[in-house]
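Shown next, in structure tokens, is the structure this report addresses.
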Amino acid sequence: MATREYTTHSAEETIELGRRLAAELTPPQIVLLRGELGTGKTTLVKGIAEGFQAASRDDVTSPTYTLIHEYHGGTVNLFHVDLYRIETQREFETLGMDDLLGDSNVVLIE
């Protein structure tokens, strides 16, 4: 498992990084996004979604309360998952994460 750390200095730089990363992500893929609250994880997803032509930046929002947001591009399905509020194994199991692991899917997990 490769770990990478990136530093950006604005929302626009973070979105651009996401666009570049989309070119490197080949489905099926699971990506773990780590960082404190407000560090730009969802902003990065905005760029990845644009890179896959799955959604515009304005359509991408934090999945904090819905837990999973789906964005469908021409060849890639993007799933943005927020596990922050999951407290038990049972809650995790009811999410159906196994269903997200399809051949044309990229799963981004916060």
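Give, rounded to the nearest 20 debye, the magnitude of the charge dipole that region 1-72 has about its Cα centre when Lys and Arg contribute +1 at Cβ and Asp and Glu contribute -1 at Cβ.
Using only the charged Cβ atoms, the result is roughly 160 debye.
Report, to the nearest whole %, how much of the accessible area of the chain belongs to carbon and sulfur atoms, 1.4 Å probe, protein only.
Ligands and nucleic acids excluded, carbon and sulfur reach 49 percent.
Ignoring solvent entirely, what values of log10 I(q)/I(0) come out of the Debye formula for the chain at 0.18, 0.21 Å⁻¹ when each Cα is a single scatterer?
The Debye formula, applied to the Cα set alone, gives -0.87, -1.19.
Can you work out the base-10 log of I(q)/I(0) for region 6-47 at q = 0.15, 0.24 1/Å, using the Debye formula on its C-alpha atoms alone?
Log10 I(q)/I(0), no solvent term: -0.34, -0.83.
Say each of E24 and S104 gets a label point 7 Å from the Cα, pointing the same way as Cα to Cβ; how far apart are those two points in nm?
Once both label points are built, they end up 2.5 nm from each other.
Give me the net charge for the shell around T43: Cβ to Cβ below 10 angstrom, other residues only, Lys and Arg +1, Asp and Glu -1.
+1
What distance in nm lies between label points placed 7 Å from Cα along the C-beta direction at D59 and E5?
Simple spin-label model gives 3.5 nm for this pair.
7 Å from Cα along Cα→Cβ at both E91 and T39: what's the point-to-point distance in nm?
In this crude spin-label approximation the distance works out to 2.1 nm.
The values are calculated or read from the model by the stated rules, or taken from the named source; none is laboratory data. Not measured: the values here are computed from a predicted model. Don't worry about glycine lacking a Cβ; one is built from the backbone with ideal geometry, like all the others, and counts go over all protein chains shown. What goes into the accessible areas is simple: the full protein's heavy atoms, side chains included, and nothing from ligands, DNA or RNA. Shrake-Rupley method; radii C 1.70, N 1.55, O 1.52, S 1.80 Å.
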